[in-house]
Amino acid sequence: MSSSLSQPAAPLLERNAAYTTSRSDIVEMIPRSARLILDVGCSNGALGRSLMFVEPERSVWGIEFDADFAKEAADHLDHVIHGDLNLLDWQEAMAGRRFDCIIFADVLEHLVDPRGCLQQACQHLLPGGSIVMSLPNIRHLSALRAIFLGGYFPRRDRGIFDRTHLRWFTIRDGHDLLAEYGFKVSSMTQSLRWGDIGGGRMNRLLNRLPLFMQRWAPIREFLTYQICLKAERTS
């Protein structure tokens with residue numbers, strides 16, 4: 001997951017594991033033809049480095065709030081903007097630059113106004129460009145267990161119940177959010193989990209189910225922990 005806002009104290013190793021991965025699911029979503037890419041909430045630049053490794057001619061920009069992450073990312077990406085997405089002046093920060101693809105990898109749920117941020121970002125997308133975003137699914141079974149059976153809303157250092165989340169999304173919300181700004185989802189991947197903890201044999205078996213079974217409504221809606229969406233403008 002990417003980091004876009006300041007975070008309260010959390011175990012360092014767990015924080016880094018959650019926010020500094022290279023995100024192979026995102027990399028696979030990026031069009032191979034995309035040459036100018038903006039990674040919104042770029043963390044330490046691990047995702048951007050992977051994108052440039054796949055296509056060395058790419059230029060990757062990043063936006064990051066955390067000063068340490070931004071400094072590290074600046075050593076690897078073409079340009080890094082250190083700023084708060086809730087306050088960012090996009091016109092000034094982008095200086096007229098427009099991109100083939102803009103990435104929101106687990107960022108929008110951390111923002112006060114995710115729709116406003118997405119709207120401003122879209123103004124810096126080239127014609128024919130795409131948006132790639134990932135979101136945690138609040139409809140996951142672990143949320144049902146905690147909220148409807150347990151009667152409490154957890155606050156944790158990572159995952160669906162990350163204590164820094166300000167907004168929550170279902171799979172349908174993700175599609176609707178993109179449609180609101182004239183985008184149509186062309187591809188979706190799901191990360192399936194039995195519970196709130198990743199890894200393990202049972203989760204691996206779950207993700208090896210045939211695609212038609214993964215898309216079966218009960219599995220799609222209640223065992224999808226995270227979605228990744230690629231979308232293009234419909235007009």
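The values are calculated or read from the model by the stated rules, or taken from the named source; none is laboratory data. Bear in mind that the values here come from a model prediction, so they are computed numbers and not experimental data. Note that we place each Cβ from the backbone using ideal geometry, even for glycine, and neighbour counts take in every protein chain shown.
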Which members of the range 105-123 meet the condition of being among the small types (Gly, Ala, Ser) and in contact with a strand residue (DSSP E or B) (Cβ under 6 Å, 6 or more places away or on another chain)?
Ala105, Ala121
List the pairs whose first member sits in the range 29-43 and is touching a residue at least 40 places away in the same chain (Cβ under 8 Å) and at positive phi, whose second member is buried (at least 24 other Cβ atoms within 10 Å of the Cβ) and among the charged types (D, E, K, R), and whose Cβ atoms are under 8 Å apart, counting only residues at least 6 apart or on separate chains?
Gly41/Glu64; Gly41/Asp106; Ser43/Glu64
Determine whether Val112 is of a type in the set (A, V, I, L, M, F, W, C), at pLDDT 95 or above and surrounded by 24 or more Cβ atoms within 10 Å (Cβ to Cβ).
no
Pull up the range 187-222, narrow it to residues that are more than 18 Å from the chain's Cα centre (by Cα) and surrounded by 17 or more Cβ atoms within 10 Å (Cβ to Cβ), then point me to the one that is nearest to Met133 (Cα to Cα).
Arg220
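This table checks each residue for (1) surrounded by fewer than 21 Cβ atoms within 10 Å (Cβ to Cβ); (2) touching a His at 6+ places or on another chain (Cβ under 8 Å); (3) not small (Gly, Ala, Ser).
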{"position": "Trp90", "(1), (2), (3)": "yes, yes, yes"}
{"position": "Ile131", "(1), (2), (3)": "no, no, yes"}
{"position": "Asn137", "(1), (2), (3)": "no, no, yes"}
{"position": "Leu149", "(1), (2), (3)": "yes, no, yes"}
